[in-house]
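The values are calculated or read from the model by the stated rules, or taken from the named source; none is laboratory data. Keep in mind that what you see is a predicted model, and the values were worked out from it rather than measured. Heads up, the Cβs are rebuilt from the backbone with ideal geometry, glycines too, and the neighbour counts pull from every protein chain shown. The protein model used for the area step is the full one, side chains on, heavy atoms only, and it has no ligands, DNA or RNA in it. Shrake-Rupley method; radii C 1.70, N 1.55, O 1.52, S 1.80 Å.
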Amino acid sequence: MNGTYMNTVTPLLEVEHLEVRFGNKAVVHGVSFAIAAGEKLALVGESGSGKTITALSLLRLAGDANISGKAKLRGRDLLSLSEREMRGVRGGDIAMVFQEPMTALNPLMTIGQQITEVLELKKALTPAQSAQAAIELLAKTGIPEPARRANAFPHQLSGGQRQRAMIAMALASEPALLLADEPTTALDVTLRGQILDLLSALQRSSGMAVLLITHDLNLVRRFADRVAVMEQGVLVEQGRVAEVFNAPQHAYTQRLMASQPRRDVQEAAPPPGTVPVVQAQNLRVVYPTPLPGVRGWFKKGEFVAVQGASLQLLAGQTLGVVGESGSGKSTLAQALLGLLPFSGGVQVSGQAWQQPATRNTPANQQLRRQVQVVFQDPFSSLSPRLTVEEIVGEGLRVHESQQTTAERRTRVEAALAEVGLSEAQFPGLLARYPHEFSGGQRQRLAIARALIVQPQVLVLDEPTSALDVTIQQQVLALLQRLQKEKGLSYLLITHDVDVIRAMAHHVLVMKDGEIVENGPVAQVLDAPQHPYTQRLVAAATVSDSR
């Protein structure tokens with residue numbers, strides 16, 4: 001199993017010694033692989049490994065890149081075709097499904113219009129024929145009420161529906177090869193499974209080949225026939241999925257396989273009668289909504305985002321909250337943080353928020369120090385205009401304003417050291433800006449910013465979902481170490497069941513704003529009682545039938 005694997009049948013696509021350069025810098029180095037008709041090949045690796053640029057190079061969409069080598073589709077070298085010939089290949093012989101459909105779809109055109117545009121260009125259908133074919137394609141991808149959805153704009157569809165619409169558009173020209181670039185990354189675990197099952201069914205019925213670009217090894221095991229592993233622009237290993245996963249040969253592949261979240265938490269329960277650090281009783285969060293017609297002039301309707309939630313979080317433990325997008329997880333977290341109006345009772349360290357909790361009274365400000373938050377995307381949650389010293393020290397300026405600049409700097413350096421960032425590693429660390437760090441390093445900065453005010457509780461809102469698997473493992477290991485050393489309590493919001501298994505002591509399952517199941521993590525995940533929990537766990541369980 002190495003970078004010279006060749007299929008025993010005549011390949012649909014044969015890539016030989018592909019090299020991609022931007023100026024003098026090579027980002028893809030001599031990559032060779034082949035895909036047979038009807039085959040599913042997964043191209044895996046971490047961010048920056050060259051996966052996406054390899055796929056874009058096949059369509060000659062890599063901007064100002066200098067591309068060399070060969071990429072033969074049915075014997076025609078794509079890299080030697082004219083631009084006019086390539087326009088026939090793009091969206092025709094080869095179609096692409098992008099990672100984020102909200103940015104890939106035109107917000108000013110309906111879904112139906114975007115599909116009919118492809119049909120009229122590639123299939124020379126009349127407008128009436130294209131409109132009917134678009135509805136049939138949407139129906140084929142499992143979108144409910146396809147005739148109505150065809151008239152909807154992208155923002156009027158859910159994430160899963162938008163991705164299905166993207167797949168319908170890609171299939172409109174009946175391509176021989178589909179390039180799927182992280183098609184499920186932005187979706188919940190159950191929707192990921194649905195999209196993969198849909199792609200598999202469509203691939204079987206049409207006989208097209210699929211090149212799946214992903215960093216999610218579970219998806220690879222569930223979906224692909226073969227896998228090719230890339231590291232820093234080099235194809236280091238490829239072969240049948242079962243062979244590579246069961247006996248990886250290259251050190252990088254072995255590291256990827258070993259990067260699943262590991263459980264390393266303090267299992268001993270606090271003594272009976274221990275006062276919870278966070279407690280909620282019958283918590284309810286309501287958003288006002290406009291009413292139609294004349295009624296909307298005089299009163300507002302309401303959308304209940306969280307209904308009757310009760311929970312408790314003990315010292316030194318992690319309470320996991322799991323559910324799909326829209327289940328109320330993040331709304332629950334924001335209410336516990338005192339960032340949203342709510343009804344019901346919430347106590348932090350035995351103290352209730354002064355209502356309204358969003359007011360910054362002295363009592364509420366003291367509670368805010370006790371409960372800090374780490375967000376999903378560290379790049380958007382860290383100010384690009386502040387230095388590391390200003391970002392990490394921000395809490396001290398609020399809660400310990402009497403400190404001198406020197407004292408604050410000492411605390412900042414100590415907080416950074418706790419999360420594994422030092423001046424020795426990063427010269428000029430305190431004066432750097434967030435864009436100068438990787439995703440995992442930015443998340444460490446976010447954790448340091450939260451820890452510097454010495455809170456009792458960290459609310460972790462999808463803290464690793466934007467990270468590669470190896471970086472995810474490092475951040476989870478850091479959080480587990482900090483919990484054991486400092487006795488921290490975590491409220492962990494996620495849709496990743498593997499992260500819950502690794503981190504949580506207890507877990508709540510939320511659906512449509514309500515807690516439908518709760519209990520010790522092993523009890524809930526190993527023997528789920530509610531049908532919704534059973535579906536979540538089943539969707540996260542990988543079964544390899546090959």
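Observations on the structure shown:
- Of the residues Ala502, Ala522, Ala538, the single one that is farther than 24 Å from Gln334 by Cβ, open to solvent by less than 10 Å² (accessible area, probe 1.4 Å), in a helix (DSSP H, G or I) and of a type outside the set (Lys, Arg) is Ala502.
- Counted residues, region 72-111 - those being assigned to a loop (DSSP other than H, G, I, E, B) and farther than 19 Å from Ala180 by Cα: 8
- Those residues of region 175-191 which are in contact with a helix residue (DSSP H, G or I) (Cβ under 7 Å, 6 or more places away or on another chain) and of a type outside the set (Val, Ile, Thr), in sequence order: Leu178, Leu179, Ala180, Asp181, Pro183, Ala186, Leu187, Leu191
- Residue within region 433-454 that is open to solvent by 40 Å² or more (accessible area, probe 1.4 Å), among the polar types (S, T, N, Q) and touching a helix residue (DSSP H, G or I) at 6+ places or on another chain (Cβ under 6 Å) present: no
- Restricting the first member to region 78-93 and to residues that are closer than 19 Å to Ala209 by Cα and among the small types (Gly, Ala, Ser), and the second to residues that are open to solvent by less than 50 Å² (accessible area, probe 1.4 Å) and part of a helix (DSSP H, G or I), the beta-carbon pairs closer than 7 Å and six or more apart or on different chains are Gly91/Val118.
- Of the residues screened, Gln279 is not one that is outside any loop (DSSP other than H, G, I, E, B), touching a Pro at 6+ places or on another chain (Cβ under 7 Å) and surrounded by 14 or more Cβ atoms within 10 Å (Cβ to Cβ).
- Lone qualifier among Ser57, Ser49, Ser80 - being at pLDDT below 90 and farther than 28 Å from Ala201 by Cβ: Ser49
- Residue in region 68-77 that is surrounded by fewer than 18 Cβ atoms within 10 Å (Cβ to Cβ), free of Cβ contacts under 8 Å to residues at least 40 places away in the same chain and touching a Lys or Arg at 6+ places or on another chain (Cβ under 9 Å) present: yes
- For region 291-342, the set of residues classified as part of a helix (DSSP H, G or I) and either closer than 22 Å to Asn364 by Cβ or among the hydroxyl-bearing types (Ser, Thr, Tyr) (or both) consists of Ser330, Thr331, Leu332, Ala333, Gln334, Ala335, Leu336, listed by residue number.
- Counting only helices (runs of 4 or more DSSP H) wholly contained in region 356-411, the ones carrying 2 or more residues that are basic (Lys, Arg) and either open to solvent by 50 Å² or more (accessible area, probe 1.4 Å) or out of contact with any strand residue (DSSP E or B) (no Cβ under 7 Å at 6 or more places or on another chain) (or both) occupy 362-370.
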